[in-house]
Amino acid sequence: MNKEKLSALRKKLFSRRTRTAASTAASAAKKLARRTPLRSLWWWLSLVVVAASAGFIPPAVVMAFAVTEGWDGSRQFMGLVATGLFQGLVLGIGEVVALRRGPLRVPAWRWIIVTTLAMGVAWIAALLPGSFGEPDWSNPVVLVGIIVAILVVILIVPIAQWLLLRSRGRDAWRWIVIMSISTTLGVGSLLTGILLAEGKTSFIGTLLPFILTGWVGILLVTIVSGLGVYWMALEAYTAAETWAVLARRATNESRVTTASKKAAARVGAQASPAIKKMASKVSAVVKKAGSKTLAAAKKAGSKTAATAKKAATTVRSRTAVASAQAKAGAKKSSARKPSTPESPKKR
């Protein structure tokens, strides 16, 4: 009876596990089926607009305060860089959530960190030419520096994100082209807002051009980048292909590391005979110099000992001669003394 109950219980548990595994597989298949390129596009258009708008408000407010309050260059620089980092953080979160809803999945924390830091670098490059003095446009070095700063502003974020996307889809270099075009449109709209805000004295009058032109730039950036995301999501790697690409990259890195170690070992093996020969020569020279020094020291010690012995014998002989002379002088003096007369006898 107990065996029958145990077998029935096992069958029940096995059937329940089978149903659970089947339902889990079915739900995973449904989730994978829902991750379509079109879904990526709609999520990108909805989330990135919100994230970019929320991230752009703090820099716009800081720029309005800087214009109306007459901030100096260093204060304006620090405020805009700080708000630029916040803008990169919010934008990175929105992009991660939008991309993970589709087939083009990216590592969340690395994407957010990379986007935040790259956005901060872009703001630094954009503010350096004019924050600490008026640039001399006639100087060719200044012109080259400004061109380099513009290229950094346009390319730094796309290149940083491409480093994470290249193992997620085919022809990931297209991301750099797409995001560079959208970034150029956004920067152009921001410069338009700066030109429109010139001459305004009130805070609201200065802020509104920034907000309006910034919103137009955000729409342009989101639409262009969304179309690029849809284009890349059509050829996104599957999970198995992604792991294969990562494994191949890790293998290549290990091969490069092994090859560099072997090359270093070969160089060390080739250099070791010369090093050993040089070391033997140096040790021979040191030994020779040490033996010479020891022989000289022994010779000097023997000479010193001989001199000391000679001096000691000389002192002893002189002492003996002096003592002998003293004894002879004593004998002579005793011989020269007169004899004392005897006392007269009593009569």
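The values are calculated or read from the model by the stated rules, or taken from the named source; none is laboratory data. Quick caveat, the model's predicted, so the values are computed rather than measured. Here Cβ is always computed from backbone atoms with ideal geometry, including for glycine, and neighbour counts include all displayed protein chains.
Quick notes
- With respect to the conditions (1) more than 30 Å from PRO37 (Cβ to Cβ); (2) among the hydroxyl-bearing types (Ser, Thr, Tyr); (3) in a helix (DSSP H, G or I); (4) without any contact (Cβ under 8 Å) to a residue 40 or more places away in the chain, THR116 lacks only one, and its number is (1).
- Residue within region 207-218 that is part of a helix (DSSP H, G or I) and within 19 Å of SER40 (Cα to Cα) present: yes
- Number of the condition not met by ALA233 [criteria: (1) out of contact with any Lys or Arg (no Cβ under 9 Å at 6 or more places or on another chain); (2) crowded, with 20+ Cβ neighbours inside 10 Å; (3) within 21 Å of LEU45 (Cβ to Cβ)]: (1)
- Subset tally (residues that are touching a Phe, Trp or Tyr at 6+ places or on another chain (Cβ under 7 Å) and assigned to a helix (DSSP H, G or I)) for region 159-173: 4
- Top-ranked residue of region 203-235 - restricted to ones that are within 36 Å of the chain's Cα centre (by Cα) and not hydrophobic (A, V, I, L, M, F, W, C), ranked as nearest to LEU185 (Cα to Cα): GLY217
- Per the listing ILE159, ILE147, the residue uniquely at negative phi, at pLDDT 90 or above, surrounded by fewer than 19 Cβ atoms within 10 Å (Cβ to Cβ) and of a type in the set (A, V, I, L, M) is ILE159.
- Of residues in region 40-56 being buried (at least 18 other Cβ atoms within 10 Å of the Cβ) and of a type in the set (Val, Ile, Thr), the one nearest to the chain's Cα centre (by Cα): VAL48
- Verdict on ALA66 being touching a helix residue (DSSP H, G or I) at 6+ places or on another chain (Cβ under 8 Å), closer than 21 Å to THR222 by Cα and part of a helix (DSSP H, G or I): no
- If you go through region 130-154 and keep only what is in contact (Cβ under 8 Å) with a residue 24 or more places away in the chain and touching a helix residue (DSSP H, G or I) at 6+ places or on another chain (Cβ under 6 Å), you end up with SER131, PHE132, ALA149, VAL152, VAL153, ILE154.
- Filter result (closer than 24 Å to THR192 by Cβ, modelled with pLDDT of 85 or more and aromatic (Phe, Trp, Tyr)) within region 39-96: PHE56, PHE77, PHE86
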